[in-house]
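One structure is given here, and the rest of the page talks about it.
The values are calculated or read from the model by the stated rules, or taken from the named source; none is laboratory data. Everything quoted here is computed from the prediction, not taken from an experiment. Cβ: placed from backbone, ideal geometry, glycine included. Neighbour counts: every protein chain shown. Heads up: the accessible areas ignore ligands, DNA and RNA and are worked out on the full protein's heavy atoms, side chains in. Shrake-Rupley method; radii C 1.70, N 1.55, O 1.52, S 1.80 Å.
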Amino acid sequence: MKAASFTPRRLQLALIALPMALGIIYYTLIAADRYVSESIVAVNAATVAPLSGGVTLGGGSGLLSWQDTLYLIDYVHTDNVLRELDAKLKLRTHYEQPRIDFLFRAWSSFTHERFHQYFQDRVELEFNDLSGLLTIRTQGFDSKTATAVNQTLLESSERFVNNFSQRVAREQMAFSQTQADIAQARLQGAKAKVVQFQTTNKILDPNAQSVAANALTSELLATIARLEADLKNRLSFMQADAPAVQTVRDQIAANRAQLEVERTRTTSSESGDRLGTLSVQYQALQLEALFAEDAYKSATAALDTARVDAAKKLKSLVIVATPSTPESAEYPRRIYNLLTLLAACIIIYSVIRLIVATIQEHQD
């Protein structure tokens, strides 16, 4: 086609008048109204009192958990949420209703994956990284559905936040509680062994008895040494068969006999209750009980720490603004879109008109 065929009038009709006529027909006769319901939420972390250990949720007392809010953004657009909304609100049927609006309706031929993408376009999420607030905007072809979709999203999001934080807290607490129970059972077992040892051997503390026996042995040795010195002194001026000398000799013999008894009790390999062996066994049992007690104290401290940490992991969904009920449709913005279309047509017309003029100039 020659450049002369592209007259200004034809170009105006093709590039401005025709698109504008189609746009006016679409926005006045075809385009369906789309209502928008808006809500504002945030994920609130728990506050744990440092002294009492009390936990406070919501009410602005905790800190906004930005990371969990980002998790919530991903959750809202998941397939599970779409299936829940579709089951409760017949969402697909609603979005297929405006059959004449071929641009923004959902088609019955859509696969589930394609409808999932369509749903994501109908739910707008805006995260404010300064305040940590999440704005949820849901679209519907009537005000009631737009509000219902937003409200159901909030209910599902609240369950997600609660279940997720509680599951993490439960798992942490369960592990710490198990370790504390194991440590407590070990401590009770170690103490039971000590009691059984004392009952079986009929002795309360072999160590204390051994100390007492050693003290008695030392006392007997000192007594024997004193008596032998007294005997030598008496023999210096008395006959060997004197009654006083014989008395001292009898005392020495008695103390030596008692000393031998004490030594046999503590060291004899033939004695079943010798204190040396019992003391070693008792010390081993006491050491085991001491280790078990230390482990139990550590496990108890870890359980208290885990309880505080688990409380800190508790989250709540704070609804800053409840879902609004729109009275007028926000989309389509007919005047704005038509003016934008007109501006685009004029720009395209000007560019093509310039190209045609340049071509005609070169042909001449």
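Among the residues making up the stretch 76-110, those that are under 25 Å from the mean Cα position of the chain (by Cα) and buried (at least 17 other Cβ atoms within 10 Å of the Cβ) are V76, V81. Of the residues in the stretch 97-112, none is more than 26 Å from E330 (Cα to Cα) and acidic (D, E). Please work out if Y118 is open to solvent by 30 Å² or more (accessible area, probe 1.4 Å), part of a helix (DSSP H, G or I) and among the hydroxyl-bearing types (S, T, Y). No, not satisfied.
Residues considered: L287, L303. Of these, the only one that is under 30 Å from L72 (Cα atoms), part of a helix (DSSP H, G or I), modelled with pLDDT under 85 and not charged (D, E, K, R) is L303.
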